[in-house]
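Worksheet: the structure to be examined is printed underneath.
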Amino acid sequence: MVGLALAVGLGGCSGGDEPAGLETTPPPATTAATTPPSTDEQDAAAIREVYTGYWGALIDSENGPDPDPALFDGIATGAVVEEQMARVANMVDEQQRRIGEPEIGEVQVSVDGDDATAEACVDQRPWGVVVQEQTQPPLEVAPGPVGVRLQREGDGWLIVARIPVAEATISC
């Protein structure tokens, strides 16, 4: 009985005999206002991408080891690349290479016009060392800050220097 009354009640509401002027129209579509990212946000994102690329190049160069400066093209320049190539050449001479990769924490970015810094806490313990094909015991180093200085080059950023640990603005 209740089902019949409900069906009749619903049936009465679904008829096409609505009085004039009571047509229902769907509510206007609302679109979420999208605010484009600010220049600072765009710069910070680009800098984080360069910092991530830098670590990718470091890992590739030391895991190879591969003393190819082209790994750093569009990422780093000058003494940063030269020092890494010297380090990797020394690794080759001493029959060393790295295995795995470090754990890199959240990248902190600071932008001041065309200059910037990027820093993150890095745990190098998972990044092993092999010497003359013998895997060495894990490094016993605490996670620490690794920072770089960047400069705007055209519409992108390049790493131009490493920040000494004593000058880091983050603590791990």
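Can you pull out every residue in the range 70-90 that is of a type outside the set (Ser, Thr, Tyr) and either surrounded by 16 or more Cβ atoms within 10 Å (Cβ to Cβ) or under 17 Å from Val129 (Cα atoms) (or both)?
Within the range 70-90, the subset of a type outside the set (Ser, Thr, Tyr) is 70-76, 78-90.
Across the range 70-90, the qualifying residues are Leu71, Phe72, Ile75, Ala76, Val80, Val81, Gln84, Met85, Arg87, Val88, Ala89, Asn90.
Do you know which residues across the range 91-107 are in contact with a Ser or Thr (Cβ under 8 Å, 6 or more places away or on another chain) and buried (at least 19 other Cβ atoms within 10 Å of the Cβ)?
Answer for the range 91-107, where residues must be in contact with a Ser or Thr (Cβ under 8 Å, 6 or more places away or on another chain) and buried (at least 19 other Cβ atoms within 10 Å of the Cβ): just Val107.
In the range 114-129, which residues are part of a strand (DSSP E or B) and charged (D, E, K, R)?
Of all residues in the range 114-129, those part of a strand (DSSP E or B) come to 115-123, 128-129.
Scanning the range 114-129 gives Asp115, Glu119, Asp123.
I'm trying to understand the selection: among the residues of the range 63-112, which are acidic (Asp, Glu), within 26 Å of Thr39 (Cβ to Cβ) and not in a loop (DSSP other than H, G, I, E, B)?
The answer is Asp112, and nothing else.
Does the range 116-172 hold any residues that are among the small types (Gly, Ala, Ser) and closer than 18 Å to Ile47 by Cβ, and which are they?
So the first thing to find is which residues in the range 116-172 are among the small types (Gly, Ala, Ser), and the list is 116, 118, 120, 128, 142, 144, 147, 154, 156, 161, 166, 168, 171.
Correct list: Ala116, Ala118, Ala120, Gly147, Gly154, Gly156, Ala161, Ala168.
Matching residues to (1) at pLDDT below 95; (2) under 18 Å from Asn63 (Cβ atoms):
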residue: Glu140; (1), (2): yes, no
residue: Val146; (1), (2): no, yes
residue: Arg152; (1), (2): no, no
residue: Leu158; (1), (2): no, no
residue: Ile163; (1), (2): no, no
residue: Ile170; (1), (2): no, no
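The values are calculated or read from the model by the stated rules, or taken from the named source; none is laboratory data. Predicted model, so just to flag it, every value in this text is computed and none were measured. Positions of Cβ are generated from backbone atoms using ideal geometry, with glycine treated the same way; all protein chains shown enter the neighbour counts.
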